[in-house]
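Single-structure report; data block below.
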Amino acid sequence: RPARDARAFVEELVVPHGWSYLDTAGRERLQQRLTRAAMDVQFAQNAAMLAAPGPAAGRLARELIRDPLRLRDFLTQRPARAPGDGGFQTLSGVDANVSADGQAILINVTGARPASDLDFTAAFMPRIRRAVATVQTADPVRPRLNVRYTGAYAIAEHSAGQTRADMMLSCIGSIALLIGCFLLVYRHPLAFPVLLLPVYMAIVWAFGLYAVSNGHLTPVTAVTGAVLAGLGIDYCVHYVAAHELERRRGVAAAVAGARDHDHDRAAALRAVSHVGPAIFAAVLTTALGFGAVMLSDVRALREFAALGVAGLLAALVTALVVLPCLLLALGRTPLARGGLSATRFSIAPVVRTITQTPVPWLAATAVVVAAAAAALGLATAGNTPPLRFDRDLHALHPQPHPALDTQDHLAQRFGAAPNGLTLLIESDTPDNMLRLAHAVQQRFAQPRLQALGLSQVTGPATLLPNPAAAHAPRPDPDRVAADLAAAAHAAGFRPGAFDDYARFLRNLLTPRPAPTFTDVRRYPGLAGLVLPKAPPQPTQGLVLATLRRPWTHADDRDRTIDTVRAAMHELNHNPDRPADRAVLSGISVLGYDTQQAIAHDLGRLLLLSGGAVLMWLAVFFRRPADVLLALSPAVGGLVLMLAVVWLAGGSFNLINLIAVPLLVGIGVDDGIFLTTLYRRARRTGAPAARLREDLAASAHAIGMTSLTTALAFGSLYFTHVPAIKSLGLITGVGVAGAFLVSVCGLAPLLVMLFESEKRKRS
């Protein structure tokens, strides 16, 4: 049922003060009903109904004596049903929430804490199910109840439980895949835990600092751990590849009688000196990209960026300090005499083949990237932009989702959704707040807002009359009482039969002080819906607008929010009442505002991050041509990813948007490593064969990092949350694109440029 004291509120407050509660149209209709002519019509109908035979005549007579003019239809019409019932269409003549066909009951259970408290929700929902189980019976005479759960608690419980299960399975699956990958590639069985130990150290340091700074764990910041793992393992793999190459070359082989430890120590030092600057440049480049995101207006993105910067700096230290020490400490064991960095096989021979015949590979890569860019250009010129946000509001929830499905069923069964819009109103005085509430309610009654699918609007204006109507003229009580007696006498009723009703009419039409918030406080079940607990005379309140059907697409949500805000704009900018405010609030509005802020910030942040990265690369390389070379894998991979997402009909959301900075970071890092080798070979005058060998070793590291990132994020594709599933797919596609451009495009291009310069110098 609605609030327990809803009926008492209507009978004790609304009906006695009915004239004040009516709007202008309602008062005009009531005045017309209280004329002598209208009374004669009503009493003639009453006499005809009483004359009809049947057992219901006695009950009908009692009802007609109580309200012969049927005024209760007027006086209870404004609240429609009792405030707080949600505007549901229920069984006629029943005040409980029973469906119109009498086959279903809606039971609303409110917890002591909000559904966002997941610990409370996890304990609350099982208790509700146990309570329901106690009334289920195996008696064949009594059918078993079909109970379905929906609402914030049920949705939060299922979403949290399914997401947690998905993350556990995804983590276990990705770790299993990574272990298999490392066991397949590296000879030493400890290669995987040793390489991941510095990464996990960086993640622990980053999240530790984040926790100390009172950071909040959100779906966006939670994914940062995966981002840091993907980037951190890249730096470690690049160092291990350099260490293995230097160890094979035998830096200290010329020293007679040198021990293996001396060889490995020299290889470690050379690896740090060779790959260290590239790792430092790659870390700083990605950190600058994250740093630009810290300027966003969205708190979740700012925290994501701050956590990313801290994690990247920690990954730099662990990759260049901790990992070399681990490799030296483990040394060469009987399990793998070649050392921890020794591999079973490598893609280096394939890369050498590519760099020996660079022209066809470079041309093929250029054609693929150009075709993707052309497709994106056509999409931009048309009506299907390549970068669009997901319009499905259920994308952040696991699918299938019984609680969300039940919400749709509930809207169909009862003609209203269990939630809707929430409007916070406030002013400088209680009377002005009440006037504002009535102005808001009048705007919700406009056709353009009703066309949005609003079912019922409840607020302070539902509980108290408009102060502007306090002095509205009323019919003369004496005249109305006299006309009532005359009409009853003309219809043949005995004198005095309606004296009690005449007294009711006198009380109704006699001016009296209007009800106040103090009167409403006597009905806490209703007052608590729209008024704060304190003070007794509030200057704030809530207006709750129920929808006939819940939103499933963002277009419906956006249109509703924009229309309501436009309707409230005049109230929020009234020069005569500067203290008046009517502000939309709630989870749906927060999601809409967050999406708008991201869309507004996206271009600006991309320009800022791109500018910062370009400036740093210009400082690091000091040659514009080298900067463009280093950027090519990131640009090519991003173009290929956007083209695949567009062709597949995909879209971006708050979760999978993280793939963009991750891909840019990986792509730029790959370009930095390859371009640094090209610059070193050019500076030292090394032969082309030496450059091919260095590029092949680095390409092997790029292939390994691309494979590990694709495996780690690709496992997310098998989760039940569409947004997280799309993160795994988009990241996998983007990483594959960046790897293709790096190995098949940039590496042969660098060899071509190096050989061309060698020929010019000779």
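The values are calculated or read from the model by the stated rules, or taken from the named source; none is laboratory data. Since the model is a prediction, treat every value here as computed from it, not as a measurement. Methodologically, a virtual Cβ is constructed for each residue, glycine included, from the backbone with ideal geometry; neighbour enumeration extends over all protein chains shown. These accessible areas exclude ligands, DNA and RNA; they are computed on the full protein's heavy atoms, side chains included. Shrake-Rupley method; radii C 1.70, N 1.55, O 1.52, S 1.80 Å.
Suppose the filter is under 29 Å from N108 (Cα atoms) and surrounded by fewer than 20 Cβ atoms within 10 Å (Cβ to Cβ); does G541 pass it? Spelling it out, it is not the case that G541 is under 29 Å from N108 (Cα atoms) and surrounded by fewer than 20 Cβ atoms within 10 Å (Cβ to Cβ). So is L663 free of Cβ contacts under 8 Å to residues at least 24 places away in the same chain and among the aliphatic types (A, V, I, L, M) or not? Criteria not met by L663. For the stretch 618-639, the set of residues classified as over 25 Å from I730 (Cβ atoms) and buried (at least 16 other Cβ atoms within 10 Å of the Cβ) consists of F620, F621, D626, V627, L629, listed by residue number.
Go over the candidates D669, D694 one by one and state the one that is within 24 Å of L614 (Cβ to Cβ) and assigned to a helix (DSSP H, G or I).
Values: D694 fails: within 24 Å of L614 (Cβ to Cβ).
From the options D669, D694, the qualifying one is D669.
Residues in the stretch 267-311 that are open to solvent by 50 Å² or more (accessible area, probe 1.4 Å), closer than 15 Å to I598 by Cα and without any contact (Cβ under 8 Å) to a residue 60 or more places away in the chain: M294, R299, R302.
Looking at V664, V668, V645, which is the one that is among the β-branched types (V, I, T) and surrounded by fewer than 24 Cβ atoms within 10 Å (Cβ to Cβ)? Break it down into steps so the answer makes sense when it comes.
Working: V664 fails: surrounded by fewer than 24 Cβ atoms within 10 Å (Cβ to Cβ); V668 fails: surrounded by fewer than 24 Cβ atoms within 10 Å (Cβ to Cβ).
Checking each option against the conditions leaves just V645.
Taking each residue of the stretch 312-337 that is of a type in the set (A, V, I, L, M, F, W, C) and looking for partners that are surrounded by fewer than 22 Cβ atoms within 10 Å (Cβ to Cβ) and at pLDDT below 75 with beta-carbon atoms closer than 9 Å, six or more apart or interchain, yields L328/H261; A336/A342. Where residues in the stretch 393-404 are modelled with pLDDT of 85 or more and open to solvent by 60 Å² or more (accessible area, probe 1.4 Å), which of them is nearest to the chain's Cα centre (by Cα)? Ranking the candidates gives P400 first.
One residue stands out in the stretch 408-453 among those that are within 30 Å of the chain's Cα centre (by Cα) and among the charged types (D, E, K, R): the one that is surrounded by the fewest Cβ atoms within 10 Å (Cβ to Cβ), namely R448.
Within the stretch 544-577, the set of residues being at pLDDT below 85, open to solvent by 50 Å² or more (accessible area, probe 1.4 Å) and small (G, A, S) is empty. If the condition is being at pLDDT 65 or above, part of a helix (DSSP H, G or I) and open to solvent by 30 Å² or more (accessible area, probe 1.4 Å), then the stretch 209-221 contributes L209, A211, V212. Within the stretch 713-729, the set of residues being open to solvent by 10 Å² or more (accessible area, probe 1.4 Å) and under 17 Å from L642 (Cβ atoms) comprises S726, L729.
Residues of the stretch 150-175 being at pLDDT 80 or above and either open to solvent by 60 Å² or more (accessible area, probe 1.4 Å) or touching a Gly at 6+ places or on another chain (Cβ under 8 Å) (or both), which ones? Show your work before the answer.
Keep residues of the stretch 150-175 that are at pLDDT 80 or above, which gives 150-162, 165.
Across the stretch 150-175, the qualifying residues are A152, Y153.
So is L584 surrounded by 16 or more Cβ atoms within 10 Å (Cβ to Cβ) and assigned to a helix (DSSP H, G or I) or not? Spelling it out, it is not the case that L584 is surrounded by 16 or more Cβ atoms within 10 Å (Cβ to Cβ) and assigned to a helix (DSSP H, G or I). The residues of the stretch 319-355 that are surrounded by fewer than 23 Cβ atoms within 10 Å (Cβ to Cβ), modelled with pLDDT of 75 or more and polar (S, T, N, Q), listed by number, are T343, S346, T353.
Looking at L376, L396, L424, which one is under 20 Å from V644 (Cα atoms) and touching a residue at least 24 places away in the same chain (Cβ under 8 Å)? The unique qualifying residue is L376.
Any residue at all in the stretch 420-434 that's assigned to a helix (DSSP H, G or I), in contact with a strand residue (DSSP E or B) (Cβ under 9 Å, 6 or more places away or on another chain) and modelled with pLDDT of 85 or more?
Step one: list which residues in the stretch 420-434 are assigned to a helix (DSSP H, G or I), which gives 430-434.
Among the residues that remain, those that are also in contact with a strand residue (DSSP E or B) (Cβ under 9 Å, 6 or more places away or on another chain) are: 433-434.
Still in the running and modelled with pLDDT of 85 or more: 433-434.
Yes, the conditions are met somewhere in the stretch 420-434.
Looking only at the stretch 237-267, filter to residues that are among the charged types (D, E, K, R) and under 20 Å from L691 (Cβ atoms); which one of those is modelled with the highest pLDDT?
At the first step, the residues of the stretch 237-267 found to be among the charged types (D, E, K, R) are 244, 246-249, 259-260, 262, 264-265.
Those still in the list that are under 20 Å from L691 (Cβ atoms) too: 244, 246-249.
Values: E244: 75, E246: 79, R247: 75, R248: 72, R249: 69.
It comes out as E246.
Only one of V135, V109, V147 is in a loop (DSSP other than H, G, I, E, B), in contact with a Lys or Arg (Cβ under 9 Å, 6 or more places away or on another chain) and surrounded by fewer than 16 Cβ atoms within 10 Å (Cβ to Cβ). Can you tell me which?
Working: V135 fails: in contact with a Lys or Arg (Cβ under 9 Å, 6 or more places away or on another chain); V109 fails: in contact with a Lys or Arg (Cβ under 9 Å, 6 or more places away or on another chain).
Exactly one residue qualifies, and that residue is V147.
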